[in-house]
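Chemist: Before I ask anything, here is the structure I am working with.
Every number in this text was worked out from the coordinates using simple rules, so none of it is lab data. The structure presented is a predicted model; accordingly, all values stated were derived computationally and were not measured. Please note: Cβ atoms are built from the backbone with ideal geometry, for glycine as well, and neighbour counts cover all protein chains shown.
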Amino acid sequence: MDKILIEGGHPLYGTMAVSGAKNAALPLMAATLLCPGRHCLHNVPDLRDTRTMLKVLGTLGAVWTREDSTVFLDTTNLTGAEAPYELVKTMRASVLVLGPLLARTGYARVSLPGGCAIGARPINYHLKGFEQLGVRTTLAQGYVEAAVNGRMQGNVVYFDTPSVTGTENLLMASVSACGTTVIKNAAREPEIGNLIDLLTAMGAQIEGRDSDRLTIHGVEKLQPAEMTIIPDRIEAGTFMIAVAATGGEVDITGCNPAHLPSLIEKLRNAGVHVEAGEGVFSVRRPVAAGNILASLRGIDIRTMPFPGFPTDLQAQFMALMMTAEGVSVIHETIFENRFMHVAELQRMGADIKIDGSTAIVKGRSRESLCGAPLMATDLRASASLVIAGLTAPGTTEISRIYHLERGYENMVEKLRGLGALIRVVKE
């Protein structure tokens, strides 16, 4: 098993390009199941998760080829309607095939994501929404089985809490339903807008893009389409935070500044220089003689649905705040159990206390931290440990880096291109 070794304390300089968004690519790949034909998706990142989704689609009969960052998917002949546990257990987003399979075939059987308590990440929102469209759902032996006679019937679906995958699944299910479907309190993340663009190119009729109320007028026929995956705002944000933590100056290209309004504000409030241009961020934290960094202020954050602060950047921002002046209070409101990285940061000398869904970070000088052996627990926690390793003096060793490979394309190589002393070694 591979691990990452980092020699910390070195600023970052240069230019890096953002890859396509994993969280946009996965639902768009699933959406190709909606109608037969050859679909084309550009800017698809080559990640463990996108490869898993291709395997899931392959088990359903899809045939695919890849040319650089372009993926061609032929979904003409579906041969199955079951997403098996062996694949779904490695990626929760596999549940996104439920909606398009129901719309096209009227039946789907999909394993519950591995380790999922059904109320924890609200898969129940998906199922209740399907039921309001006339779908019969059952849970048995770790699988969701869903069926409908004929076409689904349009209805009003209300989410108690905005759910990204729930909104995406209901969107894909309702584009072929009879009549009109209205999704109230829908999630508004940019990735959903990307999905709506693809569905519209396929012939769907959807009103309310970028709002919390989506109106879908069902159509009888869809056609294959071509679409480009949006830039990965979480990757862009991760690198912005990395530059803020280490010091230096980096231009981050191929991104959309409109997708990260809350992060830009928080970084600027902390004292980081951020300039947003057309498709580029310029991030700068001055480094004086002797590798002395300009000080940062401790900033409070509360994770919220878009356009609020992304939960997928909470761990990375905490790694930044552990060397900021003063006290930072971080409230996690989206997912429980998302402070698993705290124990690892504490091993490096960070002063962090947990109180329920709140973390209190008392900033310390960079010299009071030290590199340490660390273990990654999930995708975004892995990124926070990399940022901490780049910040702290000494050597940091990160194990279980397969989590990182799920969501960041060539992260180590991109950091090396900015001057980071980081490499992957065989454990």
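Chemist: Using a/c under 1.5 as the rounded threshold, could you call region 234-355 rounded, prolate or oblate? The axes a ≥ b ≥ c are square roots of the C-alpha gyration tensor eigenvalues, and prolate needs a/b larger than b/c, oblate otherwise.
Modeler: Oblate is the answer for region 234-355, as a/c is 1.5 or above yet b/c matches or exceeds a/b.
Chemist: What is the packing order of peptides 164-174, 392-402, taking the mean over residues of other C-beta atoms within 10 Å and listing the highest first? Spell out each step's value before the answer.
Modeler: On the way: 164-174: 27.2, 392-402: 19.1.
My ranking of the peptides, most packed first, is 164-174, 392-402.
Chemist: Give the separation of the Cα centroids, region 358-412 to region 243-314, in Å.
Modeler: 17 Å
Chemist: Tell me the relative contact order for the chain as a rounded percent, counting alpha carbon contacts under 8 Å between residues six or more apart.
Modeler: Reported relative contact order: 21 percent.
Chemist: Could you order peptides 135-141, 11-17, 291-297 by the average number of other Cβ atoms within 10 Å of their residues, highest first?
Modeler: 11-17, 291-297, 135-141
Chemist: Determine ³J(HN,Hα), in whole Hz, for all residues of region 197-204 in sequence, where each value follows from phi through the Karplus function 6.51 cos²θ - 1.76 cosθ + 1.60 and θ = phi - 60°; x replaces Gly and Pro.
Modeler: With coefficients 6.51, -1.76 and 1.60, one gets 4, 5, 4, 5, 5, 7, x, 6 Hz.
Chemist: Which aspartates and glutamates have a Cα lying under 12 Å from the Cα of Lys3, excluding residues fewer than 8 positions away in the same chain?
Modeler: List returned: Glu397, Glu405, Glu427.
Chemist: To continue, here is another question. Run down the lysines and flag those whose C-alpha is under 23 Å from the C-alpha of Lys353, throwing out any fewer than 8 positions away in its chain.
Modeler: Those lysines meeting the cut-off are Lys266, Lys362.
Chemist: What is the spin-label model distance, in nm, from Arg66 to Asn291 if the labels are put 7 Å beyond Cα along the C-beta direction?
Modeler: So the two model labels end up 3.7 nm from each other.
Chemist: Quickly rank 250-257, 179-186 as a protection proxy: mean count of other C-beta atoms within 10 Å, highest first.
Modeler: My ranking of the peptides, most packed first, is 250-257, 179-186.
Chemist: Further question on the same structure: Report ³J(HN,Hα) in whole Hz for each residue of region 277-290, in order, from the Karplus equation J = 6.51 cos²θ - 1.76 cosθ + 1.60 where θ = phi - 60°; Gly and Pro get x.
Modeler: Taking θ as phi minus 60°, the curve returns x, 6, x, 8, 10, 10, 10, 9, 10, x, 10, 8, 4, x Hz for region 277-290.
Chemist: In nm, what is the difference between 0.36 nm times the number of residues separating Asn77 and Tyr13 and their Cα-Cα distance?
Modeler: 18.1 nm
Chemist: Mind listing which GluC sites (Glu not before Pro) in region 283-347 are in a DSSP loop and have 16 or fewer other Cβ atoms within 10 Å? Intermediate results must be reported in sequence, preceding the final value.
Modeler: On the way: sites: Glu325, Glu332, Glu336, Glu344; in loops: Glu332, Glu336.
Taking region 283-347 and a limit of 16 other Cβ atoms within 10 Å, the loop GluC sites (Glu not before Pro) found are Glu336.
Chemist: Oh, and also: Taking only DSSP H segments of four or more residues, each worth -39500 (n - 2.57), what value at 222 nm results for the chain once the sum is divided by all its residues, to the nearest 500 deg cm²/dmol?
Modeler: -8500 deg cm²/dmol
Chemist: Using a Förster distance of 25 Å, how high is the FRET efficiency between His331 and Thr395, based on the Cβ-Cβ distance and rounded to 0.05?
Modeler: Result of the calculation: an efficiency of 0.15.
Chemist: In terms of the Cα gyration tensor, with a ≥ b ≥ c the square roots of its eigenvalues, is region 1-120 rounded because a/c is under 1.5, prolate because a/b exceeds b/c, or oblate?
Modeler: oblate
Chemist: Based on the alpha-carbon gyration tensor of the chain and its eigenvalue square roots a ≥ b ≥ c, which shape applies: rounded if a/c is under 1.5, prolate if not and a/b is larger than b/c, or oblate?
Modeler: prolate
Chemist: What's the lysine pair count for region 22-228 at a Cα cut-off below 19 Å, pairs eight or more apart or interchain? It would help to have the intermediate numbers written out before the result.
Modeler: Values: Lys22/Lys55; Lys22/Lys89; Lys55/Lys89; Lys128/Lys184.
Total qualifying Lys-Lys pairs in region 22-228 comes to 4.
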